[in-house]
């Protein structure tokens, strides 16, 4: 029996090493993509919509050149600057939405698991009902519901033109983050139910420690691992939701770029494939799709590695 356990443990350890290496590779790729997007914001915000139709050096719908490393679109705008700003917007919405989802999910799941009884049953039945509804449809409905309020609030802080562009980003953040917490709440509830039965929680109660103190001092430190892991796995889902909505034309609106609407602009070029005498302008769709795909893969590799590293059930 001991030999079988040792063999199983060795197999898990051998499988875990490549996954941890893949996690390091994912982190490196994520930094390689994300850092240029955020560090170049002061320039990309000014150049993303620069229509250089009168510049003799610029050719509209030009393939990559030394002057424009990723080519230009039909208005002479640099795909490089648009992909950089689009990446900052997509990543920003994804990470912010994940932060909102984690905050709501942790509070909801911890409250349900710690309270137990009818409170737990009512809260988790609410989660079950929301799980049964189409998530994208809910995001669209929430976006439409909060957009007027967000726009009115932004107009008090910014000009009307700036508020028009920013409202799409803020409403997507609220809509995606407000509906991406369901899985997190179930995970945290399960962890809290397991921890609540442990002797150290019973000892804390016997000492007269209040529920808030028990949660912050005893439960929350033991929840850090699952929270970090599922945060990393929530970010790619949020980025994909934003890109999908922008691809459909109900997310970030032009001229503001995101990887989703940049891919939507380029998808029409697929009609040129295989047609004689028609130029396939591949750079319009390849660059945003490649950046989006690399980011999603890197985040999933990183999430899997963190899960192997931090989940006690997966440790040898």
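The values are calculated or read from the model by the stated rules, or taken from the named source; none is laboratory data. Predicted model, so just to flag it, every value in this text is computed and none were measured. We place every Cβ from the backbone using ideal geometry, glycine too, and count neighbours over all the protein chains shown.
Is it the case that residue 167 is within 17 Å of residue 255 (Cα to Cα), touching a residue at least 12 places away in the same chain (Cβ under 8 Å) and either part of a helix (DSSP H, G or I) or over 20 Å from the mean Cα position of the chain (by Cα) (or both)?
Against the criterion (within 17 Å of residue 255 (Cα to Cα), touching a residue at least 12 places away in the same chain (Cβ under 8 Å) and either part of a helix (DSSP H, G or I) or over 20 Å from the mean Cα position of the chain (by Cα) (or both)), residue 167 qualifies.
Would you say residue 190 is outside any helix (DSSP H, G or I) and either surrounded by fewer than 19 Cβ atoms within 10 Å (Cβ to Cβ) or touching a residue at least 12 places away in the same chain (Cβ under 8 Å) (or both)? Don't jump to the end; show me each part of the working.
Details: outside any helix (DSSP H, G or I): no; either surrounded by fewer than 19 Cβ atoms within 10 Å (Cβ to Cβ) or touching a residue at least 12 places away in the same chain (Cβ under 8 Å) (or both): yes.
Taking the combined requirement at face value, the residue does not satisfy it.
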Subject >> Filter result (at pLDDT 85 or above and outside any helix (DSSP H, G or I)) within the range 217-252 >> reply: 252
Original post:
What pairs can you find where one residue is in the range 193-214 and closer than 14 Å to residue 110 by Cα, the other is at pLDDT 80 or above and surrounded by 11 or more Cβ atoms within 10 Å (Cβ to Cβ), and their Cβ atoms are less than 6 Å apart, with a gap of 6+ or different chains?
Top reply: 193/113; 195/219; 195/222; 214/204
Original post:
Which is under 14 Å from residue 251 (Cβ atoms) and crowded, with 21+ Cβ neighbours inside 10 Å, of 179, 144, 173?
Top reply: 173
Original post:
Regarding residue 61, is this residue at pLDDT below 90 and in contact with a strand residue (DSSP E or B) (Cβ under 9 Å, 6 or more places away or on another chain)?
Top reply: yes
Subject >> Counted residues, the range 56-79 - those being at negative phi and touching a helix residue (DSSP H, G or I) at 6+ places or on another chain (Cβ under 8 Å) >> reply: 9
Original post:
What do you reckon, is residue 50 more than 28 Å from residue 236 (Cβ to Cβ), touching a helix residue (DSSP H, G or I) at 6+ places or on another chain (Cβ under 8 Å) and at pLDDT below 90?
Top reply: yes
